[in-house]
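The values are calculated or read from the model by the stated rules, or taken from the named source; none is laboratory data. Bear in mind that the values here come from a model prediction, so they are computed numbers and not experimental data. Cβ atoms come from the backbone with ideal geometry, glycine included; neighbour counts cover every protein chain shown.
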Amino acid sequence: MNVKRVLLTVVLAVSILVCAGGLRADERLSRIDPRDFELGILLGEPTGLSAKLWTTWNMAIDFGAAWSFQDDGHFHIHADYLFHNFDLIEVDSGSLPVYFGIGGRVRLQDEDSRAGIRIAVGLEYILQNHPASVFLEIAPIVDIAPETEVDVNGGLGVRYIF
């Protein structure tokens, strides 16, 4: 199985889903403001702090600074540019966008530090009457330095919306 071909297929499929219905604004999106900032925690692999800055009503940049328990432990930082589709899943209260994005990851470990590309895919439930969100994410990673290697991150998190 060619890992690059599989990742490219996943990226293309999710891109089509995210962009297909996510370009129209409606009353459900009035809660998201391009100035909104979210800060919270991510539990999983890795575990640590999670932040998100909304740049438009359906686009955001997320950041993570966390500790990974794999390979004797290491510090992990990442940033992703995310596209949100609020139309794929309808809920009675709040919003449940599907999101997809691409970014970078740096893993800092004594003799095995790495840098790679992340493809983040997830769901974020934005509460209707409270400034908070809960999210579930998976992110395949292709390390490109110092050598090519495939990895995956994922977890469950909660953030407060400022």
Q. Quick one: what pairs do we get from segment 94-109, first residue closer than 23 Å to Y125 by Cβ, second surrounded by 22 or more Cβ atoms within 10 Å (Cβ to Cβ) and aromatic (F, W, Y), C-beta under 7 Å, 6+ apart or different chains?
A. S95/F86; P97/F86
Q) For segment 69-93, what are the residues that are touching a residue at least 60 places away in the same chain (Cβ under 8 Å), more than 16 Å from Q109 (Cα to Cα) and surrounded by 22 or more Cβ atoms within 10 Å (Cβ to Cβ)? A) H84, F86
Q.
Which pairs turn up if I take residues in segment 149-162 that are among the β-branched types (V, I, T) and look for partners that are exposed (fewer than 13 other Cβ atoms within 10 Å of the Cβ) with beta carbon separation below 9 Å, at least 6 apart in sequence or on another chain?
A. V150/V3; I161/H130
Q: Can you give me the number of residues within segment 91-124 that are hydrophobic (A, V, I, L, M, F, W, C), under 28 Å from D72 (Cβ atoms) and in a loop (DSSP other than H, G, I, E, B)?
A: 0
Q. Can you tell me which of A120, A60, A66 is under 15 Å from E38 (Cα atoms) and surrounded by 15 or more Cβ atoms within 10 Å (Cβ to Cβ)?
A. A60
**Q.** Only one of P46, P34 that is surrounded by fewer than 16 Cβ atoms within 10 Å (Cβ to Cβ) and either of a type in the set (A, V, I, L, M) or touching a Ser or Thr at 6+ places or on another chain (Cβ under 6 Å) (or both)
**A.** P34
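Results for (1) acidic (D, E); (2) modelled with pLDDT under 55; (3) farther than 19 Å from G157 by Cβ, shown as yes or no for each residue.
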position: A20; (1), (2), (3): no, yes, yes
position: R24; (1), (2), (3): no, yes, yes
position: S30; (1), (2), (3): no, yes, yes
position: N58; (1), (2), (3): no, no, yes
position: A66; (1), (2), (3): no, no, no
position: D72; (1), (2), (3): yes, no, yes
Q.
Please verify whether R114 is basic (K, R) and either at pLDDT below 95 or over 12 Å from the mean Cα position of the chain (by Cα) (or both), treating the condition exactly as stated.
A. yes
Q: Out of the residues in segment 130-146 that are touching a residue at least 24 places away in the same chain (Cβ under 8 Å) and not in a strand (DSSP E or B), state the one that is surrounded by the fewest Cβ atoms within 10 Å (Cβ to Cβ).
A: P146
